[in-house]
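Engineer: What follows is a structure written as structure tokens; I'll ask about it next.
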Amino acid sequence: MATALQKLVSFLDSELGLSDFPEDESANGLQIEGRKNIRKIGIAVDACDYVFRKAKENNIDFLLVHHGLIWGKVRAVRGILKKRIAMLLNSDISLYACHLPLDRHPKYGNNSMILKLLSIEKIGEFGEYHGKKIGYWGRMRDGVSIKQFALNVDRTLNTKSSAIIFNKKVRNIGVVSGGGWFAINEAEKYGIDTFLTGEPSHSAYTLAEEMKVNLVFAGHYATETPGVKAVGSLIKKKFGLEVEFIDHPTGL
């Protein structure tokens, strides 16, 4: 079974709402064009040498990643960027990137999926970035201790999070994956007692301390695997293609 490249790209562009994020630094969508017919899909968090080599070894035609190769205004193709692009072109593998739209997406996005995986009822949007809220916040039916919540996060996302405790109970949780620490500024507005993100930040500490908001840093990589996995499942269901997750954790 095979699907035309352009058919797959058009579907993803529309389904993931790429046009909603013109300000994203990532060149969302098809970044590298490969073979015209797609039989096997690879999904990963990062576009890098390890992922590309695995894709070639496993006969993958189309790679979908959260962090692509093209950011901002590319003025030259040399060094590592040249090597990465050359590897894809020589292997005839397409590269498709979806950055902020995949953080925000209400059904397949990283933040929405984290709430779902942790059995947190989604209440509303949270974490404004480039004029749009890219995260979500929700409520647990029964409050738990912050230590228990962190353990649940670790088991669910296969990570080892660090928790900074300013509140004994966890009930209202805000989630912004990756480097989403900036959203701590909105915690008080929404009555959030626990904020889950990827990377730790010195700047978030005193704000959380004064607002009595727990901080849970679960890793940039770990908090950004749910989105690509969800889109992989979508592609498999829609097109009947084989989908493989290429895991390359950074521990960060």
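Engineer: Rounded to the nearest angstrom and ordered from largest down, what semi-axes does the equivalent ellipsoid of segment 103-223 get from its C-alpha gyration tensor (root of 5λ)?
Structural biologist: 17, 16, 14
Engineer: Rounding to the nearest 10 and keeping the result within 0 to 90°, find how far the Cα-based axis of helix 226-239 lies from the longest principal axis of the chain.
Structural biologist: 40 degrees
Engineer: Which aspartates and glutamates, on any chain, are close to LYS236 with Cα under 16 Å apart, when same-chain ones fewer than 8 places away are left out?
Structural biologist: Candidates past the 8-residue exclusion: GLU15, ASP61, GLU244.
Engineer: What is the fewest-to-most order of VAL144, VAL170, VAL176 by other Cβ atoms lying within 10 Å of their Cβ?
Structural biologist: Taking fewest neighbouring Cβ atoms as first place, the list is VAL144, VAL170, VAL176.
Engineer: What FRET efficiency, computed as 1/(1 + (r/R0)^6) with R0 = 41 Å and r the Cβ-Cβ distance, is obtained for ASN185 and ARG39, rounded to the nearest 0.05?
Structural biologist: 0.35
Engineer: Based only on other Cβ atoms within 10 Å, what is the fewest-to-most ordering of PHE217, PHE245, PHE239?
Structural biologist: The most exposed by this proxy come first: PHE245, PHE239, PHE217.
Engineer: Something else: Can you sort ASP92, ASP61 by how many other beta carbons sit within 10 Å, fewest first?
Structural biologist: Placing the least packed residue first, the sequence is ASP92, ASP61.
Engineer: Evaluate the charge dipole of segment 103-223 about its Cα centre and quote only its size in Debye, nearest 20, assuming +1 on the Cβ of each Lys and Arg and -1 on the Cβ of each Asp and Glu.
Structural biologist: Around 420 debye, computed over segment 103-223.
Engineer: Points 7 angstrom from Cα along the Cβ direction at ASP49 and MET211: gap in nanometres?
Structural biologist: Each label point lies 7 Å from its Cα, and together they span 4.1 nm.
Engineer: Report the local net charge at ALA44: Lys and Arg +1, Asp and Glu -1, summed over other residues whose C-beta lies under 11 Å from its C-beta.
Structural biologist: Net local charge, ALA44 excluded: -2.
Engineer: Are there any GluC sites (Glu not before Pro) in segment 1-108 that are in a DSSP loop and have at most 16 other Cβ atoms within 10 Å? List them by number.
Structural biologist: GLU23, GLU25, GLU33
Engineer: Past 28 Å, Cα to Cα, is the threshold; run LYS116/LYS168; LYS73/LYS238; LYS132/LYS229; LYS56/LYS238 against it and keep the listed order.
Structural biologist: Listed pairs above 28 Å: LYS73/LYS238.
Engineer: Let me ask you something else. Net charge around HIS130, counting only other residues with Cβ within less than 12 Å of its Cβ (Lys, Arg = +1; Asp, Glu = -1)?
Structural biologist: -3
Engineer: By the gyration tensor of its Cα atoms, with a ≥ b ≥ c the square roots of the eigenvalues, what is the shape of segment 3-98: rounded for a/c under 1.5, prolate for a/b over b/c, or oblate?
Structural biologist: It is oblate, given that a/c is not under 1.5 and a/b is not larger than b/c.
Engineer: What size of dipole, in debye to the nearest 20, comes out for the chain about its Cα centre when the only charges are +1 on Lys and Arg C-beta atoms and -1 on Asp and Glu C-beta atoms?
Structural biologist: Roughly 580 debye, rounded to the nearest 20.
Engineer: Let me ask you something else. Choose one answer from VAL45, VAL65, VAL231: the residue with the largest mean-square fluctuation in a GNM of the chain with alpha-carbon springs under 10 Å.
Structural biologist: VAL231
Engineer: What does DSSP give for the chain in terms of the percent of beta bridges that are antiparallel, rounded to the nearest 5?
Structural biologist: Counting DSSP beta bridges with both partners in the chain, the antiparallel share is about 50 percent.
Engineer: Give me a comma-separated list of calculated 3J(HN,Hα) values for segment 5-20, in order, Karplus coefficients 6.51, -1.76, 1.60 applied at θ = phi - 60°, integers in Hz, x for any Gly or Pro.
Structural biologist: 3, 5, 5, 5, 5, 4, 4, 5, 3, 6, 5, 8, x, 4, 5, 6
Read the figures in this text as sums done on the coordinates, not as results from a lab. These numbers were taken from a predicted model, which means no experiment stands behind them. Cβ sites come from the backbone with ideal geometry, for glycine too, and all protein chains shown count toward neighbours.
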